[in-house]
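Chemist: Following this message is one structure expressed as C-alpha cells.
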Amino acid sequence: MNNLITVLISFVFCFSVSAGEFEHFEVSDSLKNKYQKQQRKLNLAPILQKAWNKLKETGVDKVNDLTKEILDYKRDFSLGDLNTPGYRWDIATGNANIKLGRTIEPAFNSSQWIIVDKINLNLSARSFLENLRNEGDLEITDANLKLFAGVRFKRTYTYRHTAPTYLKALTTNIDKLLFSFLKFHGTRYTKLDDGDLIRRDDFLSADISLSVDTPSVYFMSGYGRGTLYFSKLNSLVYQRPAAEDRGFDDALRVSIKNTKVSGTSLQIGLQADFYKLLKMTLLSGEYRTSLSKSLTTNLKFSDSDLGQIESDENLKEAMTELNKGKSPEGSLVLMPYITSHQEGLRIDESLDLQALIWGKHFGNTTEQMTFRTQHRKRYFYRHQQERVALNRSILQYLFASKNLSKFNTRIVESMSFEYEVDSPEVKFEDTSLELPAQATYRISKEFIATKNKKSYRKKAKGWIKRFEEIDNGLIDGIDDKEIEGPFALNLHAQVGVNGVNTLINHDVLDLSDTFEVICSGEDLPDGEKLSKKITKCIEKLQGQFTFLRNEMTLNNVVNLPLLKQFLETVSNNAVGFSALKGLFGPENVHVYGSFQAVTKDKKQFLTYLREGFSQGFGLIKDFIKNSM
C-alpha cells in the first residue's frame, strides 16, 4: 500500500513549484511530517484507515453473509442450477469510495471456473484536498479548490485465479479478494499459486473545460462546450503460469505498461429555454477524439531467479523499484530478464447524437501494436467499430437530458478485426495479407433494458433463442415471470484464423442462402418474395465478396480493405449469429455470452451461454499468451 499512500498524498505534493512551497495552498507542518513518515514505514493514509480497518474486521463476515444468501436462494429457486452470480459491495470513507467484488464464469476450454476478484478505489483531487482542509491540514481558497475539479485518481487491484466448481469459486480463497494488495508488498508476488495472476492499475486523469451559451431568442438557445483531457495509466502484472504451461525458466511472468492518453471533445446543442426556469435539449451532438501511446516491458524469472530476488540485494532493490511502477528500461540488473517489448498506438473517434428521447453513438478505433524480441519484430493491427442506439422515457428526457447513462433500452453492436502484417510502413489501403491470412474477427451484440416491460422480455427471449443449445428452463422462467427486468444480455461470436480462411476460400454462389439469412434475419421459405431492403443488402454482400475473391484469384493475396469492408457489412446487417456458421464454418465459430436479470424476489440472476468450441481471444491476445 506504500505506493497507494504516496499517490494519494501526492495529490497535494505533486503540484509543488519547489520543495515545501505550493502555489495554490499552504500545507500544515503536521501533514508534512505525516507524509515523511509514510515514506519510511508502512502506514495507511488517514482518509483510508477506517476503510481498511473495517475491511479487516468485517470483510470475512461480509463475504460469508453474501455467499450464504446466494447459496440459500439457489437451493430454493426453481432455476438455481442456472444461476451463477458473484457478489460485490462498497465501503465509503470520507471522500474516497472503495468497491470490492468477485465475478465467476466458466472457462472456455476446460471445466474450470475463472474467478476475478477486484478492489477499486476512486478519489477526486478536489474532494481529497477539501477533506484535508476540513481537518486543518492545509489552507486553500474555494477559488483555488476549483482548479482541481477535473483531477481524479483510480486504483484497481485484480486477482485472477481458478476453481474446479462454481461452489468452490464462490466460497474459497476469500483472502485473494480481501487482501490482494498485500501481494505487492515486499517480495510476496514471488509466492503466487500456480495459474494465478495479480494486477495493479493506477489511473490519473485531468481535464479542462470551457463553455459558452447563446442568449435566448424566441425561447430557443444554443450551447457549446469544449474539453481537453489528459490521463496516465500504469499497469503492473505478476503471473505464475499453470504447471502444464510452464517452462523451466518461466516461474514468474512480469509485465509493466505505461500509457499516456490525450484527447479533446466538442459538444454543441439546441435547447428550449423557458425563462431560464426549465431548459430542454432538443438536439445535441458530441465529437470526441483521443490518442494514446503505450510501452509494455515483459520479463521472465525462473524458480532459481525468484530465490535470488530474496538474497541478491541489487536484484531485490531493482524489483522494488519496478514494484513501485518504475519502468525497468535502463536497468542493467533487470536487463537479462527482459524478454520483449510491446509498443502501442491507438486512435479513438466517437460521435454522439441526441434528438429528444432518442440517442445514437458511433465509435471507431484503430490500434497498432509492435512486438519486439531479441530476434525480430512483429506488427499487428486491430480495427473496432461500435454503434449504440438509446431509447429514453419522457421523464429521463426532461430531467436528465444530458446524461446518456439514463435510458429505457440500449442496443450495442460492435465488431473487432485483427490482423498481422510484415511492415507497418504500407498504407492501409495498399495492404494485402499473404495466404493463409493471419486475421481474426469478432462480432458482439448487447441489449440492456432498465424496465420489466412485456416488449423487453419478448426481445430478451428472442436474443437468447439465437443460441441453438439453450436450456428451455431459461425461456420458461422469463415467460412465467420467475426472471424479470432489468435485463442485460451480452452475446459474442469469435472467429479464429481458420474461420477467416474458410470464408475467403468460398465461392460466392455457395453463400447465397447465407447472405439471405444475414439480410433477412431468418431462413425464408423458397420462392418467397424479398423486400427491396433485403435484396439491396444481398446484392451489396455479393458484390463486395466477388471483388474480394477476384482480387485473391488474380494476385494470390487477400486485399485487406476489401476484407474489412465485407466484414463491416456483415456486422451491420447480421441479426443473429447462426448465419456466421455458414460464412466461416460451424466448427470455426464460438458463440458465448451472459444474461443478467433479477428474480421475482428481486435477487440477482446471472447465467452464461455458450456453444461451439473455443476460437481463442483474438489474434493479438493469443499471440501474447503463447509467445510473449
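The values are calculated or read from the model by the stated rules, or taken from the named source; none is laboratory data. The structure displayed is predicted, hence computed values, not measured ones. Counting neighbours? That spans all protein chains shown, and the Cβs are built from the backbone with ideal geometry, glycine included. Remember, those area values only see protein heavy atoms, side chains included, never the ligands or the DNA or RNA. Shrake-Rupley method; radii C 1.70, N 1.55, O 1.52, S 1.80 Å.
Chemist: If you compute Rg/Rh (Cα atoms, Kirkwood Rh) for the structure shown, which of (1) 1.06; (2) 0.97; (3) 1.15 do you land on?
Modeler: Working out Rg/Rh (Cα atoms, Kirkwood Rh) from the coordinates points to (2).
Chemist: Which pairs break 19 Å Cα to Cα here: 232/445; 74/451; 257/293; 99/146; 62/154?
Modeler: 232/445; 74/451; 99/146; 62/154
Chemist: Could you tell me how many degrees, from 0 to 90 and to the nearest 10, lie between the Cα long axis of helix 454-464 and the main elongation axis, the longest principal axis, of the Cα atoms of the chain?
Modeler: Helix 454-464 sits at roughly 80 degrees to that axis.
Chemist: Something else: For a protection proxy built on the mean count of beta-carbon atoms within 10 angstrom, sort 303-312, 347-356, 476-485 highest first, please.
Modeler: The peptides rank, most packed first, as 476-485, 347-356, 303-312.
Chemist: On to the next question. With 10 Å bins from zero, work out the P(r) of segment 207-247 over every alpha carbon pair and list the percent per bin.
Modeler: 18, 20, 16, 12, 13, 11, 8, 2
Chemist: Taking the Cα atoms only, what angle lies between the long axis of helix 532-555 and the longest principal axis of the chain, rounded to 10 degrees?
Modeler: With both axes taken from Cα atoms, the answer is about 80 degrees.
Chemist: Can you give me the angle between helix 29-40 and the longest principal axis of the chain, using Cα atoms only, in degrees from 0 to 90, rounded to the nearest 10?
Modeler: Taking Cα atoms only, the helix is inclined about 70 degrees.
Chemist: Moving on to the next point. Order the peptides 382-392, 236-246 from the highest to the lowest mean number of other Cβ atoms within 10 Å of their residues.
Modeler: 382-392, 236-246
Chemist: What number comes out for accessible area per residue over the chain if the probe is 1.4 Å? Units Å², please.
Modeler: With the other protein chains kept in place, the chain gives 50 Å² per residue.
Chemist: Per-residue ellipticity at 222 nm for the chain, helices alone: DSSP H runs ≥ 4 residues times -39500 (n - 2.57), over residue total, nearest 500 deg cm²/dmol?
Modeler: -9500 deg cm²/dmol
Chemist: Among 180-186, 124-130, 76-82, how do they line up from the highest to the lowest mean number of other beta-carbon atoms within 10 Å?
Modeler: 124-130, 180-186, 76-82
Chemist: Another question about this same structure. Which of 462, 227, 424 sits farthest toward the positive end of the charge dipole of the chain, with +1 on the Cβ of Lys and Arg and -1 on the Cβ of Asp and Glu?
Modeler: About the Cα centre, the residue reaching furthest to the positive side is 227.
Chemist: Oh, and also: What is the sum of charges around residue 288, taking Lys and Arg as +1, Asp and Glu as -1, for the other residues whose C-beta is under 9 Å from the C-beta of residue 288?
Modeler: Net charge in that neighbourhood comes out at -4.
Chemist: With just the Cα atoms defining each centre, how far is segment 133-184 from segment 241-303? Give it in Å.
Modeler: 18 Å
Chemist: Under a point-charge model restricted to the Cβ atoms of Lys and Arg (+1) and Asp and Glu (-1), what is the dipole moment magnitude of the chain relative to its Cα centre, in debye to the nearest 20?
Modeler: 1740 debye
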